[in-house]
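The values are calculated or read from the model by the stated rules, or taken from the named source; none is laboratory data. What you see is a predicted model; the values in this text were computed from it and never measured. When we count neighbours, we look across all protein chains shown, and the Cβ atoms used for this are built from the backbone with ideal geometry, even at glycine. These accessible areas exclude ligands, DNA and RNA; they are computed on the full protein's heavy atoms, side chains included. Shrake-Rupley method; radii C 1.70, N 1.55, O 1.52, S 1.80 Å.
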Amino acid sequence: MYDSKARYVRSLFSKVPLEYDLLLGLLSFGQDRKWRAFVVEQAEPLPNSVILDVATGTGLLAADFANSIDDQGLVVGVDLTLSMLQTAKRRLSQKGLNGRTDWVLARGENLPFRHDCFRSASISLALRNVSDARLTLREMARATTPGGVVISLDFARPPNRLFRLFYYDYLLGLFPIFVRIVSQAWGRTLSYLGRSILKSRTGTQIEALMVEEGLSYTRPVPLTQGIVYAVIGKKR
């Protein structure tokens with residue numbers, strides 16, 4: 001089936017994996033490591049856990065998960081962009097984590113896995129990028145074992161009005177200047193990221209989607225003044 005958004009996102013991110021990590025650090029005020037650490041903590045991985053990382057990108061969260069398990073466990077990173085997966089595989093191999101990771105080219109809306117096979121499933125800073133957020137969360141829940149955790153970490157509109165004005169000035173004013181210093185090729189990507197963040201769902205809205213997909217004990221957690229929300233749910 002033709003999907004214009006999936007095709008656009010694939011085209012957009014296939015051109016920029018080398019600068020992605022640096023720009024994420026700028027966009028997050030350097031807080032992205034703390035956000036990923038929070039996701040890993042909430043997922044409560046065991047040494048032998050099998051963990052799913054949807055929209056893995058360059059494998060930043062996958063690497064954190066891989067460092068939290070032993071050689072009996074496995075982190076499976078999924079992305080629809082081949083160049084991102086190639087970057088992730090190369091970087092984690094250089095860190096000696098290739099034995100704890102595997103990579104799958106697929107969309108979040110159609111995960112090629114059996115029911116109930118992952119201890120946790122996470123999607124980091126990418127629910128805005130999928131064509132169908134509800135279906136993606138449904139697929140993540142389907143692939144997670146009963147009692148397992150499903151987590152969405154994504155940019156949001158900060159609830160504090162004063163901070164929101166500051167953040168939007170940074171996002172639409174200063175951040176483009178930083179981006180031009182890093183790479184001229186990021187012009188189109190920046191435009192998309194800015195628009196997508198301004199239109200992003202609130203933590204409460206993502207929580208409502210999780211509830212509709214049958215997840216329980218759901219809770220949205222604001223991080224860094226609410227510029228991102230981690231939304232956590234458990235599969236019954």
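Worth pointing out:
- For the criterion of being in contact with a Leu (Cβ under 7 Å, 6 or more places away or on another chain), farther than 25 Å from Tyr192 by Cα, touching a residue at least 12 places away in the same chain (Cβ under 8 Å) and of a type outside the set (A, V, I, L, M, F, W, C), Asp102 passes.
- Residue that is farthest from the chain's Cα centre (by Cα) [pool: residues in the stretch 27-49 that are open to solvent by 50 Å² or more (accessible area, probe 1.4 Å) and among the hydrophobic types (A, V, I, L, M, F, W, C)]: Leu46
- Subset of the stretch 207-231 (residues that are open to solvent by 10 Å² or more (accessible area, probe 1.4 Å) and either assigned to a loop (DSSP other than H, G, I, E, B) or touching a residue at least 24 places away in the same chain (Cβ under 8 Å) (or both)): Glu207, Leu209, Glu212, Glu213, Gly214, Val221, Pro222, Leu223, Thr224, Gln225, Tyr229
- Only one entry in Asp116, Asp53, Asp132 is open to solvent by less than 60 Å² (accessible area, probe 1.4 Å) and charged (D, E, K, R), namely Asp53.
- Scanning the stretch 29-55 for residues that are over 18 Å from Ala121 (Cα atoms) and modelled with pLDDT of 80 or more gives Gly30, Gln31, Asp32, Arg33, Lys34.
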